[in-house]
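The values are calculated or read from the model by the stated rules, or taken from the named source; none is laboratory data. Since the model is a prediction, treat every value here as computed from it, not as a measurement. Every residue, glycine among them, receives a Cβ derived from its backbone with ideal geometry; neighbour counts consider all protein chains shown.
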Amino acid sequence: MKFRVAAFAVLTATATGCYAAQPGDFYIGINAGQTRLSNACQSVSQDVQSLGYTMSSFNCTNTARAIGGLIGYQFDSHLGAELSYMDFGKPHANATINGVPVSAYAYPTAYEFALVWTQPVAQHFSVLGRLGLGITTLKDSASALGLTSSASAQSRTGVPGIGFQYDIGKIAARLMFDYYGKVGDASTTGTTNLSSLTMGLTYSF
């Protein structure tokens, strides 16, 4: 009987300790991965053609590295809240337009407040669902013949996300996909759809 009681206590401790963040815990985290601006390169090409210019070469990337940090609070074993900042890097393009070399880049950053639902599916392993409000700033810049033109626009969008988490004591490893939707302004920076795929670590205290 004593053995069964002891075994039950161990199993209970294991089951309740498989989450990195316990109810009432704060946690901090870092993440890094890849940004994607889904239609950025296509938009640049279409804009040049619509102005009637001739583009003899065009190299463009709509991805860049992403890096960010967060602080969160765990209300209970499922629900938490996070405040985060993301730097999405600088997807860029180089072209020759009417014989003139032109370079340009887009630079999105975002602050986000999100509610996070943690659903355990196995010991130490959980599925994460996030729903946030993002304030995204998109800056772009273009340079030619020593001259530079730049613009900036701010967007507020809903940010859904889904991912997986593996807990190791107070540390957890994450894989997350977040979709920020359409960012920018059609009359200044132009608009593009922003998303990110990141891996990260959190530490609860």
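General observations
- Close pairs (7 angstrom Cβ cut-off, 6 or more residues apart or separate chains): at negative phi and surrounded by fewer than 18 Cβ atoms within 10 Å (Cβ to Cβ) in the range 145-169, β-branched (Val, Ile, Thr) and assigned to a loop (DSSP other than H, G, I, E, B) anywhere: 151/188; 151/189; 152/189
- Close pairs from the range 117-130: first under 19 Å from residue 178 (Cα atoms) and touching a residue at least 60 places away in the same chain (Cβ under 8 Å), partner crowded, with 16+ Cβ neighbours inside 10 Å and of a type in the set (A, V, I, L, M), Cβ under 7 Å, at least 6 apart: 118/128
The rows are residues; the columns are (1) among the basic types (Lys, Arg); (2) within 24 Å of residue 189 (Cα to Cα); (3) at pLDDT 80 or above; (4) surrounded by fewer than 13 Cβ atoms within 10 Å (Cβ to Cβ).
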{"site": "1", "(1), (2), (3), (4)": "no, no, no, yes"}
{"site": "19", "(1), (2), (3), (4)": "no, no, no, no"}
{"site": "35", "(1), (2), (3), (4)": "no, yes, yes, no"}
{"site": "50", "(1), (2), (3), (4)": "no, yes, no, yes"}
{"site": "58", "(1), (2), (3), (4)": "no, yes, yes, no"}
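- Number of the condition not met by residue 25 [criteria: (1) over 24 Å from residue 135 (Cβ atoms); (2) at pLDDT below 90]: (2)
- Verdict on residue 143 being under 30 Å from residue 98 (Cα atoms), among the hydroxyl-bearing types (Ser, Thr, Tyr) and modelled with pLDDT of 95 or more: no
- Top-ranked residue of the range 156-192 - restricted to ones that are among the polar types (S, T, N, Q) and modelled with pLDDT of 95 or more, ranked as farthest from residue 35 (Cα to Cα): 165
- Test for residue 134: is it within 22 Å of residue 65 (Cβ to Cβ), touching a residue at least 60 places away in the same chain (Cβ under 8 Å) and either out of contact with any helix residue (DSSP H, G or I) (no Cβ under 7 Å at 6 or more places or on another chain) or loosely packed, with under 15 Cβ neighbours inside 10 Å (or both): no
- Meets criteria (more than 13 Å from the chain's Cα centre (by Cα), farther than 16 Å from residue 119 by Cβ and modelled with pLDDT of 95 or more) for residue 203: yes
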